[in-house]
1. In debye, nearest 20: dipole of the stretch A:38-187 around its Cα centre with unit charges on the Cβ of K, R (+) and D, E (-)?
2. Could you name the residue in chain A with the C-beta closest to the rotation axis that superposes chain A on chain C, along with the separation in whole Å?
3. If R0 is 30 Å, what FRET efficiency do you get for residue D:92 and residue D:189 from their C-beta distance, rounded to 0.05?
4. Express as a percent, rounded to the nearest 5, the fraction of DSSP beta bridges in chain C (both residues included) that run antiparallel.
5. Would you mind checking which residues have amide H under 5 Å from residue D:167's amide H? H placed 1.01 Å from N; only 5 or more apart, or other chain.
6. If the only charges are +1 at each Lys and Arg Cβ and -1 at each Asp and Glu Cβ, what is the size of the charge dipole of the stretch D:124-255 around the Cα centre, to the nearest 20 debye?
7. I need the phi-derived Karplus couplings for the stretch C:215-221: 6.51 cos²θ - 1.76 cosθ + 1.60, θ = phi - 60°, integer Hz, Gly and Pro marked x.
8. So what's the protein assembly as shown giving for Cα Rg divided by 2.2 N^0.38 Å, two decimals?
4 protein chains.
Amino acid sequence: NAPLSLIAGPCQFESRQHAFDMAGKLKELTQKLGIGFVYKSSFDKANRSSLSSTRGAGLDAALPVFADLRKELGVSVLTDVHTEEQCAIVGEVVDVLQIPAFLSRQTDLLIAAAKTGKVVNVKKGQFLAPWDMKNVVAKVTGSGNANVLVTERGASFGYNTLVSDMRALPIMADIGAPVIFDATHSVQQPGGQGATSGGERRFVETLARAAVAVGVAGVFIETHEDPDNSTSSDGPNMVPFKDMPALLERLMAFDRVAKG
Amino acid sequence: NAPLSLIAGPCQFESRQHAFDMAGKLKELTQKLGIGFVYKSSFDKANRSSLSSTRGAGLDAALPVFADLRKELGVSVLTDVHTEEQCAIVGEVVDVLQIPAFLSRQTDLLIAAAKTGKVVNVKKGQFLAPWDMKNVVAKVTGSGNANVLVTERGASFGYNTLVSDMRALPIMADIGAPVIFDATHSVQQPGGQGATSGGERRFVETLARAAVAVGVAGVFIETHEDPDNSTSSDGPNMVPFKDMPALLERLMAFDRVAKG
Amino acid sequence: NAPLSLIAGPCQFESRQHAFDMAGKLKELTQKLGIGFVYKSSFDKANRSSLSSTRGAGLDAALPVFADLRKELGVSVLTDVHTEEQCAIVGEVVDVLQIPAFLSRQTDLLIAAAKTGKVVNVKKGQFLAPWDMKNVVAKVTGSGNANVLVTERGASFGYNTLVSDMRALPIMADIGAPVIFDATHSVQQPGGQGATSGGERRFVETLARAAVAVGVAGVFIETHEDPDNSTSSDGPNMVPFKDMPALLERLMAFDRVAKG
Amino acid sequence: NAPLSLIAGPCQFESRQHAFDMAGKLKELTQKLGIGFVYKSSFDKANRSSLSSTRGAGLDAALPVFADLRKELGVSVLTDVHTEEQCAIVGEVVDVLQIPAFLSRQTDLLIAAAKTGKVVNVKKGQFLAPWDMKNVVAKVTGSGNANVLVTERGASFGYNTLVSDMRALPIMADIGAPVIFDATHSVQQPGGQGATSGGERRFVETLARAAVAVGVAGVFIETHEDPDNSTSSDGPNMVPFKDMPALLERLMAFDRVAKG
C-alpha cells in the first residue's frame, strides 16, 4: 500500500536536450509532491499505424542519453522493447523494460526481458481479459524474475475504440504483480484518424481518477510541453506539462483516500 | 457540485415491514453521514430472464406502502415504471419515476413519465452510447419536464457481460442532467446463470469508487440485510446492509476530493 | 428444411395505396421465385431516436388496410406491437405479431402476444446472447403458444455499431424455433447519425448471403421503391425494390445449396 | 473471381512422416475437387497462452521438411514468422510467409517479410477494424512486394470471445488484396480454458459457409486426423480429416453460386 508512483515522459525520445528538460522537470515536480517517479521514453515506435509515421531516434541515439539521465539526474528510466535482441542491450542501461500490449503474448520476448533481471512492465493486450495476464506474468516469473508490473491500457470495444474496465485493476492485483494504469493509451482511438491513431486527451484525467480511486500502484501518463506540435503518434493523448502539477495533486488526494 | 446523493433500497418490494425497516435504517445512516437519500423499491420486475422468476408484489400492494414511507419517514421514494398507464398512477405517490434501461428508447413511456411532473430517472440502455442519451433526455424535457436524471448502468461487452465506461459520466453530464452511477446493475452478468442474471458483488465498491472519483451527482446501490436469501434477481449484486456504512464513508471521502 | 421464406415490406405504413402497391409487387415477385412471403409493415415507430422523428400512421389507419391486404391479396401480414393492449387488437387482424428487439425481455408483452394464438416473432435484443433467447421463447411457449419465430438482428459491438454473429443462427435453431435473419436492421448503425439511426445498405446482401448459407428459415428485408426519400428511419438500410429480384434469386441459389 | 483456394494443414509441425501424410492426403483431396491448395504448418508457436504449452519442433527441424514437401509433392507451403531474422531464412524455402494476428502492426516484421519477395499473408489483428488493414497492406506493398493476402480471423468481442464480422470481407477486398477467411481461429475462445485457448469446432463450418457465400479468395482450415489427441493448442478448433471432403464439397458449391 505504498503511495502512488508515476511513470511519465514524452511518447518518444526527441533529443538529449529534450530528454533532460522533461526528466528534470518531472523529477522536480514529483519530488515536491512526494510521488515515486520513473522516466518513460521510447527509442522506437515499432508498431505505428502506417509506414509514413515517424519511428523515433533509434537505440543508438537514445541509450547513451538514458544512461546519462540515470547517472546525472538520478531518475529511473523505462523504455519499451520489441525484440529479444533489444532486451539484453537495453537491460544494461534502463531500470524497467516495457513489453508493448500487442506483444504481451510473445513468449520469447517475455523470457528475454525476464532474463535481464530488470523490472519488466507488461502492458495488457487489448485482446486479453484481465485474468489472462496470470499466464503472462507466469512467463516472466517462471523465467526467474519476480519483478513484474502489469499495466492496464484498455480493451478492444467495437472498432477503433478502447474501453477501460476498472474491474481489471483488482483482478490483476490478485495475480500478485503491482498494477499500473496507463491513462494515456487508454484514451487512444486506435486507427481512428486514418494513418495515425487518435485520442481524447480530456479523458486522461477522468480515467486516471477512476483508477487511482479503485487503487493502483502507479499511473502512466505521457506528457509534453507542447503535445499538439510533438512528432509523436500520441500527441492527441498527451497531457501538456503545465497541467501536470494540478493533475498529480488531485490524483495524490484520491490515492490517500484509496489507501488510507 | 452538491455532495453525493444515494439512491438505495432492496431490489424489490417484499412487505410493509421490510420496506419500513430498510428505509428507516438507510435514512438513519444517510442522515448521520450527511448524504441525500432516495429510497428505491420495485413493485414489479417486468423483464425478468424467465417466466419462473418471481415478479414482485405488484402495484396495489406496494403503492400504499410507498405513500406511507414518504409520510411517516419523510423519505423520497423512487420506483420503476414499465407502461404509460403506470406513470400517472405511480406519479401520484412517488418522487422519482425510473425508466428501465431496456425501455430507455420507448418514446410514449418517456412522455408519460414526463407528464407526471415528477423527477424522471432514465437508465441508459445497455445498447446505447453515452451521447445517445441526449435524444433520450430531450424526449423528457421536450415534454415539459426539466427534472431528468440519467443513470449509467453498463454497456454490452460481448455476451453476458457489461462494462462500465467511466468516460460516459462526463459525456452525459455535458447533456445537462445530473448523472447517477448504478453500481449494482453495472456488475450484473446478464443471462449469465441460465434462467436468472448473475453478478459479482465484489466489484460494486470498485466501480462506485471509480464513478465517485470521476464525479457524479449520486450513486445507486441495492442493499439487503441478507442478499443471498432474498427473493430478488439481484441477490448476487446487492450489498449486505452491514457493509453499507463503511462503503458510504469511503465514497463520501472520494466525493469530497472530487468536488473539493 | 423448407425453402427460404421472405418477410418484407417498407419500414413503416405510409398509405393504403402504397401498402397495396408494395404488397402486390412483392407477392408477384415471390410467387414467381417460389418463396414463401409475409408482408411486413409497422403502424408506429415507438422507439425512434428522437421526439422529432416521424412516428407512423397509427393503429387506426393501418389495421383496416392490413385486413384488406390479407383479404384482397391473400398475403400474410406481420406487424410489430409495443404494448399488451395492442396485442389483442392487432392479433385480430394480422398473422404474425412481432416483438421489437428492445422489448424482447418484457414478460407481459410476450405473454399478451402469445395469448393471441397468432405466430409471435421475437427479435433478439441487441443486449442478449443467442442462448439467452431460450428463456424468451419459453415465455411464449409457456403461455400456450408454440408458434414462435426468433430473429437475429445484430448484437451491440462497441458504440453505435452492431455485429452479426453467424454462430447465433445454429445456436438459436437448437432452441427449436425457426430462425429469421433480419438483414435490414443488422446493418443499422444505431444512433450513429445524431437524431436518427444510420446504416449501410451495401451490407444487406453481404449479411443475407452469409445467413442463408449458414441456414435460416427466412430472411427479413425492408424494401421501398425509393428508400432515400421515404419517411422512414430505416431509409439508409432499405433495399430499392428494383434490386430485390436479383437479390432474391441469389439468396434462393444459396438456400438450395444450404438445404440440399 | 477465381474459384476458392484452400490453405490447410495441421496447427503445428509434428514430424516428417506426419507432414508428408497430411500434405499428401490434402493434395489428393483438393486435386480431386479442383481447389487450389497451400499446405500450412507452423514450426513454432511463439505466442502460446502459457510457458508450459508445447512450442513446436523449431525452424531447424521443420524447414528441410517444408523444402521436401514442395519438391517431392509439388505443394505450395505456408508458415508463420515471428521475427525479422526468420523472414529471410524461411523465405528461402516456403511460398507464403504468414504474419500472425498479434504481430500485424509490427512494421519491421512486415517489411522483412515483404523483402523476401514471397507472398505475405497478414492475419488481421483481433484489435483492428477491417479498414485498418489498408495501412498494414501498404507497409508490405510500400516495401516493393505486391503479393499480399489478408486474412480475417475474428475481432475481440468482450472477454475470451471473438466474433466474425462478415462485413470485414468486402471491406478488406476493397483494399485490393485477396481475402482469406480463417475458419479455425475465428472459432477460438482465446484464453478461455485457463492455460490454453479453447474453441468450438462445430462453428468452423458455420463461419466458413458464411464467408464463402459472401465471397472470398480462400479459406484457411486447420485439420488433423485426430485433433483431440494432437499436441496442438488448436485441437478444439481443428476439423477431423475425415470430415474435410464433405465440408469442401459444400464450400465449393457455395463458391460457385457466390462467383457465378
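1. Numbers: 15 positive and 15 negative charges, 51 e Å.
Dipole of the stretch A:38-187, to the nearest 20 debye: 240 debye.
2. Residue and rounded Å distance to the axis: A:158, 1.
3. On the way: r = 36 Å, r/R0 = 1.20.
Efficiency, from the Cβ-Cβ distance: 0.25.
4. On the way: 5 of 36 bridges.
In chain C, DSSP labels about 15 percent of beta bridges as antiparallel.
5. Close amide H contacts, sequence-distant or interchain: none at all.
6. Numbers: 10 positive and 15 negative charges, 79 e Å.
Here the stretch D:124-255 has a charge dipole of around 380 debye.
7. Residue by residue, the stretch C:215-221 yields x, 9, 6, x, 10, 10, 9 Hz.
8. Numbers: Rg = 29.6 Å, N = 1040, 2.2 N^0.38 = 30.8 Å.
Relative to the 2.2 N^0.38 Å estimate, the protein assembly as shown comes out at 0.96.
Coordinate-derived values only; no laboratory data. Everything numeric in this text was worked out from a predicted model, so none of it was measured. Don't worry about glycine lacking a Cβ; one is built from the backbone with ideal geometry, like all the others, and counts go over all protein chains shown.
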